[in-house]
Amino acid sequence: KHIRHYYAMITGVDEQFGRIVDALDDAGLAEETIVVFTSDHGNCLGIHGHVTKNVPQEESMQVPLLVRFPGKLRPRREDLLISTPDLYPTLLDLMGLGEQIPPGVEGTSHAPLLLTGEGPRPTSQLYLWVPCEEPALGRRGVRTRAHTLVIERMPGQEERTILYDNVADSYQLENIAEDQPEVVDRLIREELLPWLRRTDDPWLESEQSPQEKATTEKDRPQ
């Protein structure tokens, strides 16, 4: 039932979005109009035993992002690790309003890369699931091109670490965190902790795992 209804909604959205694109073409506005199609999350539809969202598997984390700007962007696929907070500054920049991006914006403009295909690329995307009543707990993690790392801290439960090899195990069937502690340590040190510091995440004040304690000690000035 869930799959049937979900696919029906996809068909409906596709038809109505097509009307918007056709209207822009008919009005002669396509060349100077940025059209974005995206979503806030995916649905698992039973995969991994999950019906909907709020889980770190690809079916929930990965969402479509289509950007059409015929006057400036050439059609192509991009492997850019872009995240939702990046959309606002990127769109402003594409419209020529890059200098008006508010300084407090935490996202990054990737307009130069989209326009030229060249430029710095993020090495990871931040993943988080935050319980409203416990903002310092929940799940935090990162997704790189090769791995997905997630640390889960829930009240009254033992901390859990999840590591997927997205290349060798594209369906994310095996948690290899215990077998690859060096990968877990590297991803925490090089990717996760910089994200959490950048966003001033209250997670940093909660009890740290042994890996986080070790990496924090390494980074602390002597």
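Bear in mind these aren't lab numbers, they're just calculated from the coordinates by the rules spelled out. What you see is a predicted model; the values in this text were computed from it and never measured. Cβ placement follows ideal geometry from the backbone for every residue including glycine, while neighbour counts extend to all protein chains displayed.
For the range 17-73, what is the per residue volume of the convex hull drawn over the alpha-carbon atoms, in cubic angstrom?
Each residue corresponds to 82 Å³ of Cα convex hull volume.
First measure r as the distance between the Cβ atoms of Phe17 and Glu174, then evaluate 1/(1 + (r/R0)^6) with R0 = 41 Å and state the FRET efficiency to the nearest 0.05.
Efficiency at R0 = 41 Å is approximately 0.65.
P(r) tail for the range 6-130, what percent of Cα pairs lie past 17 Å?
So the pairs more than 17 Å apart make up 66 percent of the total in the range 6-130.
Which percent of Cα-Cα pairs in the chain sits in each 10 Å bin, short to long?
7, 26, 32, 24, 9, 2, 0
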